[in-house]
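The values are calculated or read from the model by the stated rules, or taken from the named source; none is laboratory data. Being a predicted model, the structure only gives us computed values, none of them experimental. FYI the Cβ positions are ideal-geometry reconstructions off the backbone, even for glycines, and counts take in every protein chain you see.
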Amino acid sequence: METAPRRVPVIGIGVDVCVGTAEGSGGVGVGGGSGSKGAIEAPAGARNPVLQAALALHGRGGGQIVTLNAEMTMAARANPELGAVIAAADLVIPDGAGVVWALQRKGFRVQRAPGIELARQLLEHASHHGWRVALVGASPEVMATLVARLRRELPGLDLAFHRHGYQKPEDWPAIEQELLTLQPDLVLVALGVPRQETWIRGLAGRRTGLWMGVGGSFDVWAGSKKRAPRWMRSLQIEWLYRLVQEPARWRRMLALPEFAWAVLQERA
Ligand code: UDP
């Protein structure tokens with residue numbers, strides 16, 4: 001049984017509320033996962049509507065998954081091309097605490113769905129279901145470490161293709177062609193926002209399978225960057241951890257108070 005996610009605009013940028021994640025006044029179809037009262041374990045992902053939505057999308061032939069946070073929402077408002085790419089995406093998940101907060105203000109109680117977690121769950125699913133997987137992006141060193149780690153951690157994974165993200169411009173068309181011919185079930189792309197999103201969009205109509213921009217996830221999985229500790233994540237100050245790790249991001253992070261202001265204005 002599958003109900004399509006409902007797209008809700010957050011300061012003009014649509015984000016998908018997946019059934020089972022929303023409750024309250026404006027919420028949609030509450031109750032996903034609440035039926036598992038018996039002793040039998042619910043199937044993997046049963047209480048994870050975002051993963052379910054991604055798997056359903058794969059079942060329909062695939063599409064583009066965008067992981068939306070406050071920074072990206074502001075970038076999309078300033079950059080109509082990115083805005084159009086997000087609007088055309090097949091699944092837009094609430095990756096950031098700011099987006100979750102904005103949805104809450106509209107009556108949608110939604111769980112945060114960090115892209116790095118969905119990407120990992122998809123890799124695990126892939127390793128158990130014979131999915132062909134491709135990885136594109138990050139530095140050559142990170143990619144080499146990541147491939148070795150994934151082969152160790154997920155021995156069942158059919159890692160059919162991997163390329164680092166610092167290719168010469170003239171080499172990209174051949175990479176694209178190789179990927180399109182391969183028809184992977186899952187392509188994770190770590191080229192940074194907005195490049196990863198626009199690149200994936202540029203292959204629309206020719207690609208099959210799930211294609212997802214994953215930002216710095218490869219760096220985290222390869223151990224070259226750290227995710228914020230759980231306590232910081234639960235206090236919703238992951239952004240602060242990132243700022244301390246990468247001070248050069250401060251200018252980008254000015255988007256966060258701007259986002260908050262725009263959300264508060266929207267209600268007024
Ligand atoms: N990257 C890449 N090629 C480039 C620029 C960036 O492969 O030309 C990679 C970079 O090494 C990193 C990822 O893209 O692994 C971007 O990570 P970041 O945390 O900056 O993601 P964002 O916050 O932009 O989504």
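General observations
- Screening the stretch 137-152 for residues that are more than 10 Å from the ligand (Cβ to nearest atom) and surrounded by fewer than 13 Cβ atoms within 10 Å (Cβ to Cβ) and picking the one that is farthest from L191 (Cα to Cα) gives R152.
Here is a yes/no grid of residues against (1) touching a helix residue (DSSP H, G or I) at 6+ places or on another chain (Cβ under 8 Å); (2) within 19 Å of L188 (Cβ to Cβ); (3) assigned to a helix (DSSP H, G or I); (4) of a type in the set (K, R):
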| site | (1), (2), (3), (4) |
| --- | --- |
| L57 | no, yes, yes, no |
| Q64 | yes, yes, no, no |
| G107 | no, no, no, no |
| I116 | yes, yes, yes, no |
| A119 | yes, yes, yes, no |
| L122 | yes, yes, yes, no |
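- Selection within the stretch 202-234 - more than 10 Å from the ligand (Cβ to nearest atom), under 13 Å from the mean Cα position of the chain (by Cα) and of a type in the set (A, V, I, L, M): L210, M212
- Of the residues making up the stretch 198-215, those that are assigned to a helix (DSSP H, G or I) and hydrophobic (A, V, I, L, M, F, W, C) number 2.
- If you go through the stretch 164-197 and pick out every residue that is assigned to a helix (DSSP H, G or I), surrounded by fewer than 20 Cβ atoms within 10 Å (Cβ to Cβ) and either near the ligand (Cβ under 8 Å from one of its atoms) or in the same structural domain as V85 (by TED's automatic domain parsing) (or both), you end up with 1.
- Test: residue in the stretch 79-95 that is under 21 Å from I237 (Cβ atoms), of a type outside the set (D, E, K, R), part of a helix (DSSP H, G or I) and within 15 Å of the ligand (Cβ to nearest atom): no
- Residues located in the stretch 216-268, provided they are aliphatic (A, V, I, L, M), surrounded by 15 or more Cβ atoms within 10 Å (Cβ to Cβ) and not in a helix (DSSP H, G or I): A222, A228
- Among residues that are hydroxyl-bearing (S, T, Y), within 18 Å of the chain's Cα centre (by Cα) and outside the structural domain of G59 (by TED's automatic domain parsing), T145 is not included.
- Looking across the stretch 198-212, the residues that are of a type in the set (A, V, I, L, M) and crowded, with 23+ Cβ neighbours inside 10 Å come down to I200, L210, M212.
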